[in-house]
Amino acid sequence: MSNHLLIVEDDELVQSLLAAYMQNAGFNVSLAANGKEMLACIDSETIDLVLLDLGLPDEDGLVLARQVRARSSLPIIVVTARKDQKDRLAALEIGADDYLTKPFDPEELVLRVRNILGRAEGGGSDEALREKTEFFQFEGWSLDTGGHNLSGPGDRKIELTRAEFNLLAALVKAPNRVLSRDYLLDAVSQDSDAPTDRLIDVLVSRVRKKIEKNPKKPTIITTVIGCGYKFSAKVT
Ligand code: CA
């Protein structure tokens, strides 16, 4: 079964280039030229991953990404001409899984798509296969690093983006140790020009909202001022 990608892009030339690359790489492809078509396609078809342009005629891609993320963990890669760090940060904050600026290297895009899909399926990519399955439990939560699952009290499944999951896994694996933002950045991103400190702060606050009883007074992921973050819950 090949994976099904949705390409959201209003520039016809870029759209057909992207479609050709992705079909060549063995993916099924659907196309949308604006936000309305994108949402209709997600509702009517089984999509495995969205490649999302930000500058669309009817709606800003960031707004669309937020709408998608509000109802599912469908992987999103933003592919955009916007090079501003603020846009990159905003996209990751909303929960996009990756961010690539135009002009992009199509081979790199295919690799990133495969990497994210491999993780989403809990296998497939080399990286996912190398990773040993481990289970960690803390405060009623259980984290399965092989299956990339987090379940809450009462077996409630929690959706985490790839970056959120990697951040939480890095923290859980080193309980009671202060981890610097640089260390955590290496754990969550292969992207060497990702915005540094702020990205980690944003991800920590997203994860806190999902797992802390009171995200404003966190007891699981605590801040060590001037140093970084610490996983303070007991891990079994
Ligand atoms: Ca555009």
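The values are calculated or read from the model by the stated rules, or taken from the named source; none is laboratory data. The shown structure was predicted, so the numbers you read here are calculated from the model rather than taken from an experiment. Heads up, the Cβs are rebuilt from the backbone with ideal geometry, glycines too, and the neighbour counts pull from every protein chain shown. Note: areas computed on protein heavy atoms with side chains; ligands, DNA, RNA excluded. Shrake-Rupley method; radii C 1.70, N 1.55, O 1.52, S 1.80 Å.
Give me the dipole magnitude in Debye, nearest 20, for the stretch 128-231 about the Cα centre, with unit charges on the beta carbon: positive for Lys and Arg, negative for Asp and Glu.
Working: 17 positive and 14 negative charges, 84 e Å.
Value, rounded to 20: 400 debye.
Between Arg66 and Thr236, what is the FRET efficiency for a Förster distance of 25 Å, r being their Cβ-Cβ separation, to the nearest 0.05? Working shown, then result.
Details: r = 36 Å, r/R0 = 1.42.
For Arg66 and Thr236, the calculated efficiency is 0.10.
What share of the DSSP beta bridges in the chain is antiparallel, in percent to the nearest 5?
Numbers: 17 of 33 bridges.
Beta bridges within the chain, antiparallel portion: roughly 50 percent.
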| Using 7 Å Cα-to-Cβ label points, what is the Cys227/Gln23 separation (nm, one decimal)? | 5.6 nm
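Loop-only check: which trypsin sites (Lys or Arg not before Pro) in the stretch 20-114 are DSSP coil with at most 12 other Cβ within 10 angstrom?
Numbers: sites: Lys36, Arg66, Arg69, Arg71, Arg82, Lys83, Lys86, Arg88, Arg112, Arg114; in loops: Arg82, Lys83.
Here the sparse-neighbourhood loop sites are Lys83.
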| message | What translational diffusion coefficient, to the nearest whole µm²/s, does the stretch 4-122 have by Stokes-Einstein, given a Kirkwood radius computed over alpha-carbon pairs, a temperature of 25 °C and 0.890 mPa s viscosity? | response | 175 µm²/s
| said: Show me, bin by bin at 5 Å from 0, the whole-percent P(r) of the chain based on Cα pairs. | reply: 1, 6, 14, 18, 19, 16, 12, 8, 5, 2, 0
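R0 = 25 Å: FRET efficiency of Arg198 with Arg177, Cβ-based, nearest 0.05?
Numbers: r = 22 Å, r/R0 = 0.89.
Efficiency for this residue pair is about 0.65.
Run through the stretch 133-186 and list the GluC sites (Glu not before Pro) located in a DSSP loop whose Cβ has at most 12 other Cβ atoms within 10 Å. Kindly include the intermediate steps, with their values, before the conclusion.
Working: sites: Glu134, Glu139, Glu159, Glu164; in loops: Glu134, Glu139, Glu159.
Within the stretch 133-186, the qualifying GluC sites (Glu not before Pro) (loop, at most 12 other Cβ atoms within 10 Å) are Glu134.
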| query | Amide H to amide H, which residues 5 or more places from Asn149 or on other chains are under 5 Å from it, using H placed in the peptide plane? | reply | Asp144
| request: Quick one: pull the percent of accessible area on the chain belonging to carbon and sulfur, 1.4 Å probe, ligands and nucleic acids left out. | output: 49 percent
| How would Leu6, Leu56 rank on accessible area, largest to smallest, probe 1.4 Å? | Leu56, Leu6
| field | Where only alpha carbons of the stretch 128-231 are counted, the Rg and the Dmax (Å) | value | 13.1, 39
| Accessible area per residue, Å², the chain with all protein chains present, probe 1.4 Å | 50 Å²
| field | Calculated FRET value between Lys83 and Asp43, using beta carbons and R₀ = 22 Å, to 0.05 | value | 0.10
